[in-house]
1. Taking strands (runs of 3 or more DSSP E) that do not extend beyond the stretch 43-145, which have at least 2 residues that are under 16 Å from residue 2 (Cβ atoms) and in contact with a strand residue (DSSP E or B) (Cβ under 6 Å, 6 or more places away or on another chain)?
2. Determine whether residue 48 is modelled with pLDDT of 95 or more, basic (Lys, Arg) and either open to solvent by 50 Å² or more (accessible area, probe 1.4 Å) or in contact with a helix residue (DSSP H, G or I) (Cβ under 6 Å, 6 or more places away or on another chain) (or both).
3. How do the pairs read when you match residues in the stretch 1-25 that are β-branched (Val, Ile, Thr) with residues anywhere that are not in a loop (DSSP other than H, G, I, E, B), using Cβ under 6 Å and keeping only pairs 6 or more apart or on different chains?
4. For the stretch 27-45, what are the residues that are modelled with pLDDT of 90 or more and touching a helix residue (DSSP H, G or I) at 6+ places or on another chain (Cβ under 6 Å)?
5. Among residues belonging to the stretch 84-121 that are among the aromatic types (Phe, Trp, Tyr) and over 22 Å from residue 172 (Cα atoms), point out the one that is most open to solvent (accessible area, probe 1.4 Å).
6. Output the number of the condition that residue 29 fails; it satisfies all remaining conditions of (1) within 24 Å of residue 143 (Cα to Cα); (2) not in a helix (DSSP H, G or I).
7. Give 81, 68 a once-over and let me know the one that is crowded, with 18+ Cβ neighbours inside 10 Å and farther than 21 Å from residue 11 by Cβ.
8. Has the stretch 13-21 got any residue that is modelled with pLDDT of 90 or more, closer than 19 Å to residue 168 by Cβ and not in a loop (DSSP other than H, G, I, E, B)?
Amino acid sequence: MIETDRLILRVPEARDRAPLHAMWADPAVMADLGPVKSEADSDAALRRHASYAPLGFLAVVHRDHQETIGFCGLKPGAPDTPIAGMLEIGWMLATPYWGAGYALEAASAVIAWGWRERHEDAIVAITARQNDKSRALMTRLGMAHDPALDFDHPLFAAEDPRRDSVTYRITRP
C-alpha cells in the first residue's frame, strides 16, 4: 500500500471491480489508450496486473470518501516493444477526477516507491503521440521524451493514430 495526502493506492479488491470497469468502459478515459473494455476485459486486466506481483497497478482510492477513482502502478514493459524488460509506469483516472492533480500525486508516489523498492535505473511511460494530457503529466513528473524508444504499438492497427507511441523516461536520482 502507498499513501499520499489525498490518496491510498492498494492492491485491487472485489469492491474495486465496478468502479474500475466503469472507468475502462468510459470512451473519454479510453480515447487515447485503447478500445473500451467489456466487463470480461476488465476482469482480465485485473488478473493480468495481479500476475505482475510484486509489481502491478494499484487501485487509487480517494482518502476522504473511500471511492476508487483510478488505477496506477508499475509493470514490466510490453514484449515486442522497445521497452520490453524495462520498468513501466501507467495511470488512468475516472473522468470526474481529472484536472485535480490526482494523477500527478498517484504517479509521483508510485515512482518514489519504485526507487525505494526496485533496482532499475529508469522508469518509462508510453502513450500515443496525440495524448497531450499524458505527455504533459510525464513532463511534470520529471520524465523526458526519449525518441530512441518511440515505436508503433503492435496492439493498434496501422491506420489508428494511437499506434504512433512515444516513450518518456526518468532516471534514478
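The values are calculated or read from the model by the stated rules, or taken from the named source; none is laboratory data. Bear in mind the structure is a predicted one, so any value in this text is a computation, not a measurement. Here Cβ is always computed from backbone atoms with ideal geometry, including for glycine, and neighbour counts include all displayed protein chains. Note: areas computed on protein heavy atoms with side chains; ligands, DNA, RNA excluded. Shrake-Rupley method; radii C 1.70, N 1.55, O 1.52, S 1.80 Å.
1. Values: elements: 56-62, 68-76, 87-93, 122-128.
Qualifying strands (runs of 3 or more DSSP E): 56-62, 68-76, 87-93.
2. On the way: modelled with pLDDT of 95 or more: no; basic (Lys, Arg): yes; either open to solvent by 50 Å² or more (accessible area, probe 1.4 Å) or in contact with a helix residue (DSSP H, G or I) (Cβ under 6 Å, 6 or more places away or on another chain) (or both): yes.
Judged against the criteria, residue 48 is not a match.
3. From residues that are β-branched (Val, Ile, Thr), the pairs are 2/9; 2/109; 2/113; 4/105; 4/109; 8/61.
4. Of the stretch 27-45, the ones modelled with pLDDT of 90 or more are 27-29.
Correct list: 28, 29.
5. From the stretch 84-121, those among the aromatic types (Phe, Trp, Tyr) are 91, 97-98, 102, 113, 115; that's our starting set.
This time we only want the ones that are over 22 Å from residue 172 (Cα atoms), so: 97-98, 102.
Numbers: 97: 41, 98: 111, 102: 28 Å².
Once the filter is applied, the top-ranked residue is 98.
6. (2)
7. Result: 81 is the single residue among 81, 68 that is crowded, with 18+ Cβ neighbours inside 10 Å and farther than 21 Å from residue 11 by Cβ.
8. Going through the stretch 13-21, the residues modelled with pLDDT of 90 or more turn out to be 13-21.
Checking the rest, the ones that are also closer than 19 Å to residue 168 by Cβ come to none.
Within the stretch 13-21, not a single residue is modelled with pLDDT of 90 or more, closer than 19 Å to residue 168 by Cβ and not in a loop (DSSP other than H, G, I, E, B).
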